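Enquirer: Have a look at this one.
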Amino acid sequence: MCEVLGALGLILPGLFRIRRGLTPLAAAGLVIIMIGATVITLIGGDLMAAVISLIVGLLAAFVAYGRWRLVPLHGASRPSRLRPAS
């Protein structure tokens with residue numbers, strides 16, 4: 001359930017252009033979830049599923065870093081209709 005909500009947190013803010021600053025937070029939350037999933041899957045003995053969880057966690061870490069540092073999406077969600085003073 002948390003993974004699905006995290007995935008929605010990655011997609012919906014950019015899609016609807018509201019609260020786009022939540023995308024890196026959702027990605028960071030997914031990183032934490034995927035670390036736990038990797039550890040628990042390794043303890044269970046399924047190496048391939050652990051590798052998949054690790055890859056998804058690394059991709060979420062890339063999204064979090066990219067949205068915080070490389071291409072932050074801050075500012076107004078819609079263009080302002082105000083005109084500058086003449």
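The values are calculated or read from the model by the stated rules, or taken from the named source; none is laboratory data. What you see is a predicted model, and the numbers here were worked out from it, not measured in a lab. Because the Cβ atoms are built from the backbone with ideal geometry, glycine has one as well, and the counts that use them run over all protein chains shown. Surface accessibility is based on the protein's heavy atoms, side chains included, excluding ligands, DNA and RNA. Shrake-Rupley method; radii C 1.70, N 1.55, O 1.52, S 1.80 Å.
Enquirer: Is there a residue being open to solvent by 100 Å² or more (accessible area, probe 1.4 Å), at pLDDT 85 or above and under 16 Å from the mean Cα position of the chain (by Cα) anywhere in the stretch 68-79? Give the derivation first.
Expert: Here is the first cut: in the stretch 68-79, the ones open to solvent by 100 Å² or more (accessible area, probe 1.4 Å) are 68-70, 74, 78-79.
If we keep only those that are at pLDDT 85 or above as well, we get none.
No: zero hits.
Enquirer: Let me ask something else. If you take the residues of the stretch 1-23 that are among the β-branched types (V, I, T) and open to solvent by 60 Å² or more (accessible area, probe 1.4 Å), which of them is farthest from the chain's Cα centre (by Cα)? Can you show your working first?
Expert: To start, the set of residues in the stretch 1-23 that are among the β-branched types (V, I, T) comprises 4, 11, 18, 23.
Applying the additional criterion that residues be open to solvent by 60 Å² or more (accessible area, probe 1.4 Å) yields 4, 11, 18.
Values: V4: 11, I11: 8, I18: 15 Å.
Within the stretch 1-23, the match that is farthest from the chain's Cα centre (by Cα) is I18.
Enquirer: Take R17 and tell me if it is in contact with a Ser or Thr (Cβ under 9 Å, 6 or more places away or on another chain) and at positive phi.
Expert: On the way: in contact with a Ser or Thr (Cβ under 9 Å, 6 or more places away or on another chain): yes; at positive phi: yes.
In short, yes.
Enquirer: Now, a different point. Which of the residues that make up the stretch 1-50 are assigned to a loop (DSSP other than H, G, I, E, B) and of a type in the set (G, A, S)? Break it down into steps so the answer makes sense when it comes.
Expert: First pass over the stretch 1-50, keeping only residues assigned to a loop (DSSP other than H, G, I, E, B): 1, 17-21, 45-46.
Scanning the stretch 1-50 gives G21, G45.
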